[in-house]
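Report on the following structure.
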Amino acid sequence: MMKKILLVYTGGTIGMVKKEDVLSPFNFDELKTAFPELKDCGSILDHVTISEPIDSSNMSIHVWIELANCIKKNYTKYDGFVILHGSDTMAYTASMLSFMLEGISKPVILTGSQLPIGIKRTDAKENLITSIEIAASNIVKEVCVYFEYQLYRGNRVVKVNADNFDAFQSPNYPVLAKAGVKIKYKKQYINNPIVSEINIHTNISDDVGILKLFPSIKKEVVKAVLDSSKGIILQTFGSGNATTNNWFIEELTNAIKKDKVIVNISQCLSGSVNQGHYQTSEILQKIGVISGHDMTLEAALTKLMFLLGARLDRKEICKKIETNLRGEITI
Ligand code: ASP
């Protein structure tokens, strides 16, 4: 029996054309014309387009909610979903969807490309056709990103290259599959959920900020970010280290006293936060900064948006940040 796959088009380079020398999103029908091979891909394909296709740099909570609702509405009708998405914020969307789509046991594969589909050397065709094959495989049952022959867990990827076709990495978790002559799945790393009810969460909060440390950071900068939001990602050095200047620790302590949630994520691409390993992180642990362990910035930020949206109290949020909800963290 042929599998039914829903393609969800959100925009991005994969579906862009050059108009007056700049790349802007075009509609799905034009994409089908540029890629006639889609017709014989071995699956029954339907497609939907979000209300307004975008360059993914314009991604927002509203689009995430639209995408989650689209999956909810079509969940029982399709065997798998392929979301065509710009690569710039794909890691954020993949992470966010992993939290929003609780209990899914069908593949949701995000893909895109570095070159538009109409261009001869495009990477779009392979990315799309293999994503469809993976979505029809019945092996993967989670939110993933497929790009340049690699399948990644969605909440573990980071965009690392603006030019190369292999634009993504999963620095702290193995790839889930590699596509060569055959697609080789690494089943030991793929989620194997107990099939239960799906629970789609659409209450998410944008009351978050990122405070990236750098040598000689000014108090005004720290204060501005801490004052701006309820949840803050503190991007620290190395294994979670920060300046121990009194004024800095005082600002963080005051913010925590005001019920804010501060999550420690390393500026390093690989490895984990280890609060207490150095004196420069021990103090953070003492005052109540929460360790984000080995989460990517994208996973930590969207997890915080998801937990704040769920209206949990601070204690509960802090506990869940350090809990593995969807395979996003190694605890
Ligand atoms: N700016 C584009 C986007 O993210 C880049 C891409 O599609 O790869 O929508």
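Here L110 does not qualify as buried (at least 24 other Cβ atoms within 10 Å of the Cβ), of a type outside the set (V, I, T), free of Cβ contacts under 8 Å to residues at least 60 places away in the same chain and away from the ligand (no atom under 12 Å from the Cβ).
Filter region 149-165 down to the residues that are assigned to a strand (DSSP E or B) and in contact with an Asp or Glu (Cβ under 8 Å, 6 or more places away or on another chain), then identify the one that is farthest from M96 (Cα to Cα).
Within region 149-165, the subset assigned to a strand (DSSP E or B) is 150-153, 158-159.
Adding the requirement that they be in contact with an Asp or Glu (Cβ under 8 Å, 6 or more places away or on another chain) leaves 150, 153, 158-159.
On the way: Q150: 20, R153: 12, V158: 13, K159: 15 Å.
Of everything passing the filter in region 149-165, Q150 is farthest from M96 (Cα to Cα).
Go over the candidates I14, I83, I65, I50 one by one and state the one that is within 24 Å of the chain's Cα centre (by Cα) and more than 16 Å from the ligand (Cβ to nearest atom). Just a single option satisfies the conditions, and that option is I65.
Which of the residues spanning region 68-80 are surrounded by 14 or more Cβ atoms within 10 Å (Cβ to Cβ) and either within 16 Å of the ligand (Cβ to nearest atom) or of a type in the set (D, E, K, R) (or both)? Before the answer, list the steps.
Applying the first criterion (surrounded by 14 or more Cβ atoms within 10 Å (Cβ to Cβ)) to region 68-80 yields 68, 70-72, 74-75, 78-80.
Hits for region 68-80 are K72, D79.
Scanning region 19-42 for residues that are touching a residue at least 60 places away in the same chain (Cβ under 8 Å) and more than 12 Å from the ligand (Cβ to nearest atom), which turns out nearest to D55 (Cα to Cα)? Show your work before the answer.
The initial filter retains those residues of region 19-42 that are touching a residue at least 60 places away in the same chain (Cβ under 8 Å), namely 23, 31, 34-35, 37-38, 41-42.
Okay, now just the ones that are also more than 12 Å from the ligand (Cβ to nearest atom), so 31, 34-35, 37-38, 41-42.
Values: L31: 15, A34: 19, F35: 20, E37: 25, L38: 23, C41: 26, G42: 29 Å.
This residue is L31.
Residues in region 140-165 that are surrounded by 18 or more Cβ atoms within 10 Å (Cβ to Cβ) and among the hydrophobic types (A, V, I, L, M, F, W, C): V140, V143, C144, V145, F147, L151, V157, V158. Looking across region 53-62 at every residue that is surrounded by fewer than 17 Cβ atoms within 10 Å (Cβ to Cβ) and of a type in the set (S, T, Y), the one that is farthest from the ligand (Cβ to nearest atom) is identified as S60. Of all residues being in contact with a Ser or Thr (Cβ under 6 Å, 6 or more places away or on another chain) and under 20 Å from T296 (Cβ atoms) in region 139-156, which is nearest to the ligand (Cβ to nearest atom)? Just the residue, please. Result: Y146.
Among the residues of region 128-138, is any more than 16 Å from the ligand (Cβ to nearest atom), closer than 21 Å to I54 by Cα and touching a Leu at 6+ places or on another chain (Cβ under 7 Å)? So that I can check it myself, show each step before the final result.
Residues of region 128-138 that are more than 16 Å from the ligand (Cβ to nearest atom), as a first pass: 129-130, 132-138.
Among the residues that remain, those that are also closer than 21 Å to I54 by Cα are: none.
Checked region 128-138: no residue is more than 16 Å from the ligand (Cβ to nearest atom), closer than 21 Å to I54 by Cα and touching a Leu at 6+ places or on another chain (Cβ under 7 Å).
Restricting attention to region 118-149, the residues that are within 21 Å of the chain's Cα centre (by Cα) and of a type in the set (S, T, N, Q) add up to 3.
Each value in this text was obtained by applying a stated rule to the coordinates, not by laboratory testing. Predicted model, so just to flag it, every value in this text is computed and none were measured. With ideal geometry, Cβ positions are generated from the backbone for all residues, glycine too; neighbour counts draw on all protein chains shown.
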